[in-house]
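The values are calculated or read from the model by the stated rules, or taken from the named source; none is laboratory data. Since the structure is predicted, the reported quantities are computational estimates derived from the model, not experimental observations. Glycine gets a Cβ as well: all are built from the backbone with ideal geometry, and neighbour counts include every protein chain shown.
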Amino acid sequence: MDFNLDEQEQAVSDLANQILGDKIDHDRLKEIEGGDAWFATAEWSLLAEAGLTGIALPEAHGGGGLGIIEAGLVCEAVGRHVAPVPMLPTTLAAMTVAEFGDDALAAQLLPGVCDGSRVLTVAIAESLREDLAKPGLTADADGALTGTKSVVEFAAHASHAVANAIGPDGVGLYLVDLSAPGVTTETGRSTRKEPVDELTFAGAPATLLAAGESAVRWFEARYLAMVCATQLGVVEGQLRLTAGYASEREQFGRPIATFQAVTQRLADCFIQVEGLRLQTQSALWRIANEQDPWEDLRIAKWFGSEGAHFVAHGAQHMHGGIGVDVDYPLHRFTLWNKHLEVTLGAANQQLRTIGAALAAEQPTSLA
């Protein structure tokens, strides 16, 4: 397979990186982190003006009419610049509405996503529940949700969330208005210092988007792919920063990048980054071409956990003490790295899933 970007894909990648590269720097991030919102609102608006927030949504609703590959490229740019914008949760939720929602619901929600005026999110994580097809959240016959979801990103800014829940006919995907009665929130902070919410639903009204495990796996595949794409941008940015530092930092009269041990460590980190790139690109291509992506997804997420962890430690090690100085940008990549490492399961969970599938000779989508 040839995973080189075509002209259109390269244009999307270049545009996203140009916008974020021009506007997001260390000082801008410190300014955002000094507030309560953890949201680069001006930059989000610029992404919307460029057509990137709705890149994978139908043209009928103001979107770009493209797909998961292009959405992944924007997520990669967000990771590379550690930009606090809701690209991943909003795109995933919007794609789910576009795929499973009716025309009226799509017309209500998607134009705002495309023009940047509406943020959506996903409510998936639950304590001690790895399998998205077996959530603790329940829905009654009317769609009212009862239970708790944790680590919900951008909930303070989002109008609606997509959640997985067990209904009368089994698991399904539900859309819930976060301003509806029966929804309460409690805000904490994630590893990357992002405000995240625990949402408690007490009979909160919701709309069933799709029922059945196949719909949940459709959602999970795209979630995993975009997490890996974002992590790819993070580790690449982390490695570039480290390589630049090693080429300038001198010891014993010469740059430390000329020391064999440093060069070897950088090369090992590069291999991990490229492993993640290959598997992520393959998974995105398979999803876009309606082929089974699960083996590639699980391996990509392993690289996005174990491999990314390796890159983070290498970057910190080669920077020495300055790497933990919050007046230097490396710490931010490390915190994002850790946040994404455990999202949807860290390395051991991926290995368990792959191993169980191999043992049972079943597709790796069966958790």
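Some points to look at:
- Single match in 60, 94, 50, 71 (criterion: closer than 22 Å to residue 337 by Cα, out of contact with any Phe, Trp or Tyr (no Cβ under 6 Å at 6 or more places or on another chain) and among the hydrophobic types (A, V, I, L, M, F, W, C)): 71
- Those helices (runs of 4 or more DSSP H) lying entirely in the range 233-347 with at least 3 residues touching a residue at least 40 places away in the same chain (Cβ under 8 Å) and in contact with a Phe, Trp or Tyr (Cβ under 8 Å, 6 or more places away or on another chain): 260-288, 308-319
- Criterion: farther than 19 Å from residue 13 by Cβ, in contact with an Asp or Glu (Cβ under 9 Å, 6 or more places away or on another chain) and either of a type in the set (S, T, N, Q) or buried (at least 18 other Cβ atoms within 10 Å of the Cβ) (or both) - qualifying residue of 230, 280, 200: 200
- Verdict on residue 176 being in a strand (DSSP E or B), under 17 Å from residue 101 (Cβ atoms) and either among the charged types (D, E, K, R) or not assigned by TED's automatic domain parsing to the domain that holds residue 51 (or both): yes
- The lone exception for residue 355 - which of (1) surrounded by fewer than 18 Cβ atoms within 10 Å (Cβ to Cβ); (2) under 17 Å from the mean Cα position of the chain (by Cα); (3) not acidic (Asp, Glu) it fails: (2)
- The range 233-275 - residue that is over 13 Å from residue 310 (Cα atoms) and aromatic (Phe, Trp, Tyr) and, of those, surrounded by the most Cβ atoms within 10 Å (Cβ to Cβ): 245
- When 302, 285 are screened for being surrounded by fewer than 21 Cβ atoms within 10 Å (Cβ to Cβ) and modelled with pLDDT of 95 or more, only 285 passes.
- Every pair of residues 6+ apart whose Cβ atoms lie under 8 Å, when the first sits in the range 21-39 and is in contact (Cβ under 8 Å) with a residue 40 or more places away in the chain and surrounded by 13 or more Cβ atoms within 10 Å (Cβ to Cβ) while the second is acidic (Asp, Glu) and assigned to a loop (DSSP other than H, G, I, E, B): 38/194
- Taken over the range 40-62, residues that are buried (at least 21 other Cβ atoms within 10 Å of the Cβ) and over 20 Å from the mean Cα position of the chain (by Cα) amount to 1.
- One residue alone among 258, 200, 207 is modelled with pLDDT under 95, among the β-branched types (Val, Ile, Thr) and outside the structural domain of residue 81 (by TED's automatic domain parsing), and that residue is 258.
- Residue within the range 207-230 that is over 22 Å from residue 165 (Cβ atoms) and among the β-branched types (Val, Ile, Thr) present: yes
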